[in-house]
Structure formats: structure tokens, C-alpha cells
1. Would you list GLU202, GLU8, GLU69 from the most to the least accessible area, probe 1.4 Å?
2. In Å, the Kirkwood hydrodynamic radius of region 83-208 over pairs of distinct alpha carbons?
3. Taking the chain, how many lysine pairs are there with alpha carbons less than 21 Å apart, if each pair must be eight or more places apart or span two chains?
4. Please state the Cα pair-distance histogram of region 1-135 with 5 angstrom bins from zero: what percent is in each bin?
5. For region 44-97, what is the convex hull (Cα atoms) projected area averaged across all directions, in square nanometres?
6. So if we plug the beta-carbon distance of SER330 and LYS302 into 1/(1 + (r/R0)^6) with R0 = 41 Å, what FRET efficiency do we get, rounded to 0.05?
7. Kindly identify region 55-131 as rounded, prolate or oblate by the Cα gyration tensor criterion: order the square roots of the eigenvalues as a ≥ b ≥ c, call it rounded if a/c is under 1.5, otherwise compare a/b with b/c, prolate if a/b is larger, else oblate.
8. Loop only per DSSP, at most 15 neighbouring Cβ atoms within 10 Å: give me the trypsin sites (Lys or Arg not before Pro) in region 293-355, ordered by residue number.
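The values are calculated or read from the model by the stated rules, or taken from the named source; none is laboratory data. As the structure is a computational prediction, the values presented were derived from the model and not from experiment. Because the Cβ atoms are built from the backbone with ideal geometry, glycine has one as well, and the counts that use them run over all protein chains shown. Note: accessible area is taken over every heavy atom of the protein model, side chains too, but ligands, DNA and RNA are not part of it. Shrake-Rupley method; radii C 1.70, N 1.55, O 1.52, S 1.80 Å.
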Amino acid sequence: MKKTASDERKSSILRTSLFVTVLIGLFVFLILTVLAAVTFGNADLSLKDVYSVIAYRLFRIKSLSDYGEGAVHDVVWLIRLPRVLLALAVGSALSVCGVVMQAIVQNPLADPYVLGVSSGASLGATLSIMLGIGGIFGGNSVGVMAFFGAMISSFAVLAIANMGGKATSGKLILSGMAISSVCSAFSNFVIYISNDKNASAEIVRWTMGSLGGASWDRVTVMLPLMIACTLIFLTQYRNLNLMLLGDDVSITLGADLHRIRTVYLVLASVLVGFAVYSAGMIGFVGLVIPHIIRILFGTNHKRLIPLSALLGASFLIWCDVLCRIILKNSEMPIGVLVAIIGAPCFIYLLVKRSYGFGGGKT
């Protein structure tokens, strides 16, 4: 027995050391990713120009005062860097929401799109752009309506799933699919009856996803929100781990997760709503990234959440870089590129029956 206990302690120390090493590695990789991604763009700028602008803005170095204004400054500080940081925030947000929603419904194929939350956000934004609903919120009307759309759709999913008894993972997924279909149908209906070609073109671009509208205003909202929600979910890793065992087991262990599941879903909806507002519809990030981490490092949310957040951020930044350089004199919608990458992964997960999730096989 002593040898067994000793072996378990050594194994635990090894796993912890590996986790810390990978966590630090992903963090360093993310920093390098940001520094590299900001050098890509249509404007032909040298590395010295790019980093001189950033150094001056961050540290106010007097010798670099010439980079405090002008065209080079505007390209780097007002266009490229906000875009990279917004990709970081949105990528992390979608990855963390995917982790949480997969735990909520106990299904490895769940993400904000499967549960209808993103479709609700899309409907809210469509109503704002096409019909002017929410105009009282001024320039933030699209974002506010996307947020309300995500919130209302999440409450609708919960309400439907709770009909005839407490919500189960299966009922949540079916409810999400139903709400997603309804929201998509209403969005298409509004686009059809409005007969506004300019607005329709804007909706199409928006539904395909883009980080082209990045600004410091959006970054200062999305980045703190992502960090706050990620930290909140990280503190709840024990409850998320319990959700993987099922409601019956959790009740046996003295934890009724019904109300907690509702709170988590609402909080995730807030994060998804702002992510959709900031970058449009970007699917599969919340599906693919958590699976990569889960396959490599297991299902413990104490490790899964921070690793997914870091990898998701780097993943979306590089996807955005590819969108800017893959087509000459044009920009590919990021939602299209991510779908090209994510769809085959989704199909692979569907056919791979030996994939483990929450201590069992799915």
C-alpha cells in the first residue's frame, strides 16, 4: 500500500508539473503570437516601425516620440493591435464557453451554436441592423441587441428543457437545436421582408464573421469581460467536474446542480452575446479547442479552462492572420475559414466512438 500511495503522489506531481509547463508554454506562445500577428497587414511596415509604435504607446520612450502620431502610428495602434487583441478575447471567450456548455449538457459535441445561444445573438443583431430596433442604445445598439438575443434564447432553451420536469442534458440539446432553428428562420424572414440590399449585405458579412470592425472601445469591453468570466468559471471547476458525472450522481454526492447549471448558462450567454457582437458568427472554436485540450490533458476543468482559453486565443489570432493574407487584395471571412478547419474535426468526433468524456465513453 505504501508503494501504491507513493506512486500515486509521484504521478500527481508529474501531472501537475506537466500542466504548469504547458500552461506557461501556451502563455508565452500567446505573447509571441500577438507580437507576430501585429506585423501582418496590407500596409508594408517594417518590424522596427511596428514595435516602435507599440513601445512608445506603452512606455512613452522620448526617443520614439516620432511614432506617437502619423499614418504608421494609426495603422499599428488603431487598426492592427486592437484587431489582434479582439481576436484574443473572442477566441478565449468562445473556447471557455464551449468548455462550460459541454459540461452543462454532458455532451462533447455541444457549443454555443448547438445550444442556440449564438443564433439568438444573431437574431438580435439582425433586428437592430435591419429594423432599427434598439436604436435608443445609440452606436452600441447592435451589440446590446445581440446580448439580449443571446440572453432570451438561453432562457427559452432553459424554459423548454424544464417542461415536464427538470432539464436534462438531452432536453437541453434538443431545446437548443429548436431555438436555433427558430432564430435562424426569423433572421432570414426579417432579411427577406426588409428588401434592403445594403443592410442585407451587412448582415451576410456579419454572419460570416469578421474582426475588421475591431476598435479599442470593443477591446476594452470584451477583454475584461472575457477575463472576469474565465476566472469565475475557473473557481467553479469542482461543480463543472460534477456535472460530467450526471445529475443523479451529483445529488447522491450532496450537490443539486440544477440551479447552478442555469447560472452558468446565463453567464456563458453574456459572454457569447458580446463575442458575437464584436466579431459576428464564428463557429466551431468552442467545439474544437476544448476537445484538443481534453484529449491531451483530461477532463479536469481546473486544467481544461485555462489551457482552452490560451489555445483558443492563439488559434483565432492565427486564423485572422490567414484571413488577411490567404487572398490577395481581399479578406476572407474568419467564420468561413474556422468552419473549414472545424467541420472536419466535428465529423471526426462524431464517428470516433472511443472518445472519452467525463470518465466514460461517448
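1. GLU69, GLU8, GLU202
2. Here the Kirkwood hydrodynamic radius works out to 15.3 Å.
3. Lysine pairs meeting both conditions in the chain amount to 6.
4. 2, 8, 10, 11, 11, 12, 12, 11, 9, 6, 3, 2, 1, 1, 0
5. Dividing the Cα hull surface by four gives the mean projection, 4.3 nm².
6. Calculated transfer efficiency: 0.45.
7. Judged from the Cα gyration tensor, region 55-131 comes out oblate (a/c at least 1.5, b/c at or above a/b).
8. The qualifying sites are LYS328, LYS352, ARG353.
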